[in-house]
Amino acid sequence: MVLEKRIKAYEAVERLINQIKIAVVDTDNRPCHMLFSIEDGHTNVYERLMDGMPDALWLSEDMFDATRVLNVLVYSRAPSGTSLTEFGKTHYRQIAELRTSMEKIHIRDMTTLHKVLEFLRKKRYRDTFTPVARPK
């Protein structure tokens, strides 16, 4: 059961990685990841980010942290009034570097996914809460 849950969680991460792996160039010749290229795609972005959250418990600590960093980055743009595409262009490099990190973690984790007991031994309760503050 644990292995099935882990596979499901990592499949959601893989879908997210694929959405930020493909880049497009806007009319101003600035690149943007496909996930952010649809101006009215806010729902799609949040669906991709939330796709794996119900199963995040089954991710390694490193993978969970990487997905959280991306989530906080996207959330931080909400009050600024910046368009989704402009956000994607402005943060293109940061998102690409984060995606590369997520891919490396994904590959590493996939090689040990079947080691359920080792995974469970490494899981630790986090007594930390970091609120996500909206920028002013």
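Taken together, the values in this text are just the output of simple stated rules run on the coordinates, not laboratory data. Just so we're clear, the structure is a prediction, and the values are computed from it rather than from any experiment. Virtual Cβ from ideal backbone geometry, glycine too; neighbours counted across all protein chains shown.
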| said: Counting pairwise Cα distances across the range 2-122, what percent come out greater than 25 angstrom? | reply: 25 percent
| query | What distance in nm separates the simple spin-label points at Met34 and Asp65, each placed 7 Å from Cα in the Cβ direction? | reply | 3.0 nm
| remark: In nm, the gap between the two label points placed 7 Å beyond Cα toward Cβ at Glu47 and Arg15 is 0.9 nm
| said: I need the phi-derived Karplus couplings for the range 105-114: 6.51 cos²θ - 1.76 cosθ + 1.60, θ = phi - 60°, integer Hz, Gly and Pro marked x. | reply: 5, 4, 4, 4, 5, 5, 6, 10, 4, 6
| task | Output the peptides 1-10, 97-106 sorted from most to least packed, where packing is the average of other Cβ atoms within 10 Å over each peptide's residues. | result | 97-106, 1-10
| message | Using the basic label-point model (7 angstrom from Cα toward the beta carbon), what is the Lys104 to Thr90 distance in nanometres? | response | 2.7 nm
